[in-house]
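The values are calculated or read from the model by the stated rules, or taken from the named source; none is laboratory data. Quick caveat, the model's predicted, so the values are computed rather than measured. Neighbour counts are summed over all protein chains in view; Cβ atoms, including those assigned to glycine, are modelled from backbone coordinates with ideal geometry.
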Amino acid sequence: MMKTKLFLSLSLVIMITCRQQAIGQQNTGAALTHESIIPETDSIFNKLVQIRRNFHENPELAGHEIRTQQVIRQYLLALGLEVETNIYGHGITGILKGGKKGKKIAWRADMDALPNDFPDKVEFASKVKGVQHGCGHDVHMAIALGIAEVLAKNKASLHGTVYFIFQPEEETFIGAKGMLDSGLLSRIKPDEIYGLHVTALPVGQIMVKSNEIFAYQRKIRITLKDELTNAQVNELTKKIRSQLSRAKTGSKPWEIQNIADPKTGLTNSNTIFKDYLIMDENFTAYHENGKRFLEAYLYETNPVNLKKIIPRIRQIITAGNYKKQLLSISCIQENPTVMNDKRLTDIAVKTLDHIYGKGFIANDYGQAPFFNDDFAYFQQKIPGVYFLLGGSDFAKGIIAMNHAPDFMVDEACIRTGVRSFLSLILERLKN
């Protein structure tokens, strides 16, 4: 088990202490408005950047988010929120009760980092060898804390209740289900839930669509008698891949770096990232007990086609004269995909476009391959919306391509995220 520092840095302790002293000076006058959200966000922006960098320097893998939980707990307590940490793993929930009646809204932020040794070309690089926030969860936590701070300052005029769910173990796709299975919804009962993920879109841009955000991911296993040569296996897997795959003519939806391209990416109605099925370029092959196993991930945008995949693979194997060697075909992994509630998505887009100008929220016309998020488990229980937040500044060489070497984030996206979703939550609480 990785050793983790449990003590906060001196600067963070000072910040929290100062915040505790200010709790008694909360705004009890004019109600929070969309106009006042902007300066309030600006006033804490530099603090949020420092918090994000603190998380970035001290990343923790899924199941080990001990220090991260401590930092968040102290911050939320300093804001005057009720805090619960005994739900699942190192998760934490902050409860902010407004001074007026209203809805119950949940905001989710993931906490864990990735195991990798990619270059981390920032002054606040990870201090933990082999562990990095290479997916932007440090940014997600900073945004959630920023939203909580502004709302806490104005809670006397706030309608309803806001739950801040800081979820562990997202990268292993078990944290959300773990929190739900451990009784999270017996303690809090949100009407709606929201969350985001920073991605390679330009900084300042927010993108969303109803229904599926990502392609459906499946892992297929083919079990054969161990009678085929390596050449025969290579020929068979190539046939399966070529005959099963489909994509728009001339497109390459597996080139994930193009999701932000204005001509072919997700914000273009003619995007290459729709109506496709793509597979791993190479199958994983291994032998065991006289059997040969072939495994590969595939990504399908149309759920109707999912049931056709195994029969189609069987047809290809049979047509290749390997029917006698075939023992079984099975799907060994089929995580749910993020599924945005259509009604709430439409409301969110109209709300933010009305506040910040038509077109403020970009339309997403496709489904990104390779990525997914266990936020999907929350959406199975609570109507919710998951947004993609741009974190790239291509002119500066800052590209927020998750899980990739040289992943970097323009921290201005923290300001965009806090002010935008403060406005959305404010409106949803009242309606």
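Here are some notes:
- Residues that are of a type in the set (Gly, Ala, Ser) and surrounded by fewer than 24 Cβ atoms within 10 Å (Cβ to Cβ), drawn from the stretch 89-108: GLY89, GLY98, GLY99, GLY102
- Answer residue from the stretch 67-84, given it is under 24 Å from the mean Cα position of the chain (by Cα) and without any contact (Cβ under 8 Å) to a residue 60 or more places away in the chain and is nearest to ILE188 (Cα to Cα) among those: VAL83
- Residue count, the stretch 54-97 (criterion: among the hydroxyl-bearing types (Ser, Thr, Tyr) and at pLDDT below 95): 0
- Restricting the stretch 390-431 to residues that are farther than 16 Å from LEU151 by Cα and among the aromatic types (Phe, Trp, Tyr), the residue that is surrounded by the most Cβ atoms within 10 Å (Cβ to Cβ) is PHE407.
- Failed item in (1) in the same structural domain as SER328 (by TED's automatic domain parsing); (2) modelled with pLDDT of 95 or more, with LEU180 passing the rest: (1)
- Residue that is nearest to PRO253 (Cα to Cα) [pool: residues in the stretch 284-314 that are among the hydroxyl-bearing types (Ser, Thr, Tyr) and surrounded by fewer than 15 Cβ atoms within 10 Å (Cβ to Cβ)]: THR284
- The residues on offer are TYR322, TYR276, and the sole one that is modelled with pLDDT under 95 and aromatic (Phe, Trp, Tyr) is TYR322.
- The combined condition, being over 19 Å from ARG246 (Cα atoms), under 26 Å from the mean Cα position of the chain (by Cα), surrounded by fewer than 13 Cβ atoms within 10 Å (Cβ to Cβ) and of a type in the set (A, V, I, L, M, F, W, C), is fulfilled by ILE332.
- Of the residues contained in the stretch 248-258, one or more are found to be of a type outside the set (A, V, I, L, M, F, W, C), on the phi > 0 side of the Ramachandran plot and not in a helix (DSSP H, G or I).
- Verdict on LEU298 being farther than 30 Å from ILE361 by Cβ and in contact with a Ser or Thr (Cβ under 9 Å, 6 or more places away or on another chain): yes
- Out of SER242, SER210, one residue alone is free of Cβ contacts under 8 Å to residues at least 40 places away in the same chain and not β-branched (Val, Ile, Thr). It is SER242.
- Selection count, the stretch 237-256, where residues are touching a helix residue (DSSP H, G or I) at 6+ places or on another chain (Cβ under 7 Å) and of a type in the set (A, V, I, L, M, F, W, C): 2
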